[in-house]
Amino acid sequence: MNPVQNLLMEIEGRIQNATAKGIDADCVSRSFCPKLSIQEDPVCGFAHCQIADYWSKELNEVKGCLGCNACRYGKPCVQKDAFNGFVPKIKDADCIVFASPLYFWTVSSRIKAFIERFYCIAEEDSNPPLGRYEKYPVKDCALLMTSADDFFWTFEQAVSYYQFTMVNYIGFQDRGMVLAGGCGDTNGKPQIDKTAHLQVAYEFGKNIYSE
Ligand SMILES: Cc1cc2nc3c(=O)[nH]c(=O)nc-3n(C[C@H](O)[C@H](O)[C@H](O)COP(=O)(O)O)c2cc1C
C-alpha cells in the first residue's frame, strides 16, 4: 500500500491508520501522519490505542468492568463490546465452562474481565445473605486450565478464586475441573499433545452430565 499523502491531508484527524486482520498477530496496522510532517510512523503506539476499540469488537474481546453501576439491574452495559452478545447466551446456558491458561498463578485477565461483567446478569435481592449483595441465575460451571508447571501448588490460587467467586459467591454449581499441568511454556512449542490432558478433558466433557 502506498497512500497519496496529499489526499490523506484532507481527511479529518491527525493520524490515519490502515489496519487488517493479521496472520501471526491479531491485527496488523500502518500509521500515516502527514499533518504532523510524518509520512509514516513505524512505531505508533497511539495508533494502537485508536484501533484497539475496533479490534476488540471484531475479535470478540470483553473489557473489564468500569464500575459505573449503570447495568444494575437488568439494564445493558454501557460498554458496547462482545460481552453484550454473551448475556443472552449466559442466561440460556445450563453450564458455563471457564477455560484459561495459568497466568501468574491465576486465571488470565480475559477470564477475569468476563467475570467482572457478571453484574449485567445479576438480579436485585431484597434479602441477600451476609456477604452477598445481589443474586445470580442458577447455573452449573466447570474449570479447564493449562499451565507450564506441574507442582501440587500450581493451580492453588486459580482454584481458590474459582471456588470462592463462581461457587461460593455467585452460587454456580461446580461440575468439576481439569487442571492440566506440564503443558509447556511460551518459550517452546505447546506440549499438551505429549500429555494425557486432552483425553482427560474430552472424557470430562463427554461425561459431565452422564450420571
Ligand atoms: C504471561 C504468562 C504468565 C504465565 N504464568 C504462568 C504461571 O504462573 N505458572 C505456570 O505454570 N505457567 C505460566 N505460564 C505458562 C502458561 O500457563 C502456558 O504457556 C500455557 O498454559 C500452555 O498452554 P498453551 O500451549 O495452550 O498456551 C504463563 C504464560 C504467560 C504467557
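Considering the range 148-168 alone, what residues qualify as being more than 20 Å from the chain's Cα centre (by Cα) and more than 9 Å from the ligand (Cβ to nearest atom)? 152, 153, 156, 168, listed by residue number. Being out of contact with any helix residue (DSSP H, G or I) (no Cβ under 6 Å at 6 or more places or on another chain) and either more than 10 Å from the ligand (Cβ to nearest atom) or within 27 Å of residue 116 (Cβ to Cβ) (or both) is a description that does not apply to residue 172. In the range 87-111, the residues that are within 21 Å of residue 208 (Cβ to Cβ) and not assigned by TED's automatic domain parsing to the domain that holds residue 170 never reach a residue that is part of a loop (DSSP other than H, G, I, E, B) and within 16 Å of the ligand (Cβ to nearest atom) with C-beta atoms less than 6 angstrom apart, at least six apart or across chains. Considering (1) surrounded by 11 or more Cβ atoms within 10 Å (Cβ to Cβ); (2) of a type outside the set (Val, Ile, Thr); (3) modelled with pLDDT under 90; (4) part of a loop (DSSP other than H, G, I, E, B), the lone condition that residue 65 does not fulfil carries the number (3). I'd like to verify a number: residues in the range 175-196 that are more than 13 Å from residue 105 (Cβ to Cβ) and within 10 Å of the ligand (Cβ to nearest atom), how many? Matching residues across the range 175-196 total 13.
The values are calculated or read from the model by the stated rules, or taken from the named source; none is laboratory data. In this text, all values refer to a predicted model and were calculated from it rather than measured experimentally. Cβ coordinates were reconstructed from backbone atoms using ideal geometry, including for glycine residues, and neighbour counts include every protein chain displayed.
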